[in-house]
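The values are calculated or read from the model by the stated rules, or taken from the named source; none is laboratory data. Quick caveat, the model's predicted, so the values are computed rather than measured. Here the Cβ positions follow ideal geometry from the backbone for every residue, glycine too, while neighbour counts run over all protein chains shown.
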Amino acid sequence: MRMSVIGCGYLGAVHAAAMASIGHDVIGIDVDAQKVAALASGTAPFFEPELGELLQEGLASGRLRFSTEMSDAAGAAIHFIAVGTPQIPGGHSADLRFVDAAVAALLPHLSPGDVVAGKSTVPVGTAERLGSVVADTGATLVWNPEFLREGWAVHDTISPDRLVVGVPSGADGERATAALHEAYRPAVEAGTPFLVTDLATAELVKGAANAFLATKISFINAMAEIAEAAGADVALLADALGHDTRIGRRYLGSGIGFGGGCLPKDIRAFAARAEELGRGEAVGFLREVDSINLRRRDRAVQLVVDALGGLVFGRRIAVLGAAFKPFSDDIRDSPALDVAVRLRGLGADVIVTDPAALDNAAAAHPQLGYATERDDALRDADAVVIVTEWDLYRREMTPEHAGSLVAGRVIVDGRNCLDAAAWRAAGWTYHGMGRR
């Protein structure tokens, strides 16, 4: 099939390259000429495993192209809208300017029978509003939410755990469903569930999924607060809970909480839209979910302060991690950098290291110190804080090796990813989040 992807940021670039990899003819459109030039040369403008190879393969095959001209999207059977929906400045609602602008720019190039498939995360009701505008061209608008995990985005696009398509009723909806079924045929034939819903349900799926995941993370972090007060171990508690098949162990990892460009803003936008619909009380708990999440950053800083006897001014602190999660260079709302900045604000000499996100971190927070190599960050440190659970820190760093570099064997495990007994046995003062 010939398809266009409007918006070539994180979501759009991955989607375009993945669709080309399964045999489609794809044109990616973006207004950022510098980004388009990078993508057209086979260079990913952000860190995502496998994306670079996929871009180069698609460009070499001729199935993948990039452009700044919306007119180049004309003739595609499906147009995917993959632009960002950030939080509005000074509020919690989603900013839909980029979605509206993308649809408006695409309208002159649509033909009867075309399908416009929204992938951006939007408040419920957006698809219905835009659908009537698209329908005037003879095209049909559907909503096809994404469920990507940064670090696994290529896999999640090519082999998703489910596909959701919200369509209007009637013959137009049936034709659009058939087109999306064909677009994702390899995944469907491999057994991926293909769920067809109304437009509103498809929009709600993404927000509801993120709200549930955020709630699960904040729940175990709330339990970590109780565990600390009671002298219990939240990691063992999570293991015990995880054996309950109704609960499961995934997303029950306690620590400094979630961040990134999706989960925080999406739960806030979800709650804001519920307020607009007059049902804010139904998701009032999401305010507390957000509050618990932010409170964990305070706790991580306090653990460092306490571990250093209450005096951090002038002390050298190695912060291992800058990205909000491993396998990513995304620093948006990163708990790791938030902790580093707060420690710097207390007068500490903070040295941050990360295998992928240093350039982004340094651009956003030039007041921090940086080290490209882990061992350089560790050298002469009075305390170490793990805030992003890269394998370079959780698996490949031994307490003996780290101990040979630091000035003080004090470590705060902000992700509960280390073997506490092994580090204590090597002479370290170990502090976990919600652990004895």
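Looking across 341, 352, 319, one residue alone is assigned to a helix (DSSP H, G or I) and within 24 Å of the chain's Cα centre (by Cα). It is 341.
Has region 153-165 got at least one residue that is farther than 23 Å from residue 23 by Cα and free of Cβ contacts under 8 Å to residues at least 40 places away in the same chain? Checked against the condition, which is being farther than 23 Å from residue 23 by Cα and free of Cβ contacts under 8 Å to residues at least 40 places away in the same chain, region 153-165 yields no hits at all. Return the only residue of 406, 387 being among the β-branched types (Val, Ile, Thr) and farther than 12 Å from residue 316 by Cβ. Going through 406, 387 in turn, the sole match is 387.
Report yes if some residue within region 410-419 is surrounded by 14 or more Cβ atoms within 10 Å (Cβ to Cβ), of a type in the set (Asp, Glu), assigned by TED's automatic domain parsing to the domain that holds residue 334 and in contact with a His (Cβ under 9 Å, 6 or more places away or on another chain); otherwise report no. Yes, that holds for at least one residue. I'd like to verify a number: residues in region 166-204 that are under 24 Å from residue 114 (Cβ atoms) and either β-branched (Val, Ile, Thr) or part of a strand (DSSP E or B) (or both), how many? So the answer is 9. Among the residues making up region 239-269, those that are in a helix (DSSP H, G or I), within 30 Å of residue 46 (Cα to Cα) and out of contact with any Pro (no Cβ under 8 Å at 6 or more places or on another chain) are 263, 264, 266, 267, 268.
Of the strands (runs of 3 or more DSSP E) lying entirely inside region 30-146, those carrying at least 2 residues that are of a type in the set (Val, Ile, Thr) and in contact (Cβ under 8 Å) with a residue 24 or more places away in the chain are 78-81, 115-118, 140-143. Pairs meeting the criteria (first residue in region 401-414 and closer than 23 Å to residue 255 by Cα and at pLDDT below 95, second residue among the charged types (D, E, K, R) and outside any helix (DSSP H, G or I), beta carbons under 7 Å, at least 6 apart or on different chains) are lacking.
Of all residues in region 424-435 being in contact with a Ser or Thr (Cβ under 9 Å, 6 or more places away or on another chain) and closer than 24 Å to residue 221 by Cα, which is surrounded by the fewest Cβ atoms within 10 Å (Cβ to Cβ)? Step by step, filter region 424-435, then rank; the result is 435. Filtered by the rule that a residue be in a loop (DSSP other than H, G, I, E, B), hydroxyl-bearing (Ser, Thr, Tyr) and buried (at least 16 other Cβ atoms within 10 Å of the Cβ), region 360-388 gives a lone residue, 388.
Scanning region 389-408 for residues that are part of a helix (DSSP H, G or I) and crowded, with 22+ Cβ neighbours inside 10 Å turns up 393, 402. Residues in region 273-298 that are touching a Gly at 6+ places or on another chain (Cβ under 9 Å) and either assigned to a helix (DSSP H, G or I) or assigned by TED's automatic domain parsing to the domain that holds residue 346 (or both): 273, 274, 276, 292, 293, 294, 295, 296, 297. Regarding residue 222, is this residue over 17 Å from residue 79 (Cα atoms), at pLDDT 95 or above and in contact with a helix residue (DSSP H, G or I) (Cβ under 9 Å, 6 or more places away or on another chain)? Taking the combined requirement at face value, the residue satisfies it. Selection over region 147-203 of residues that are surrounded by fewer than 19 Cβ atoms within 10 Å (Cβ to Cβ), over 29 Å from residue 44 (Cα atoms) and not polar (S, T, N, Q) gives a count of 14. Inspection of region 59-79 finds a residue satisfying the criterion of being more than 22 Å from residue 139 (Cβ to Cβ), of a type in the set (A, V, I, L, M) and surrounded by fewer than 21 Cβ atoms within 10 Å (Cβ to Cβ).
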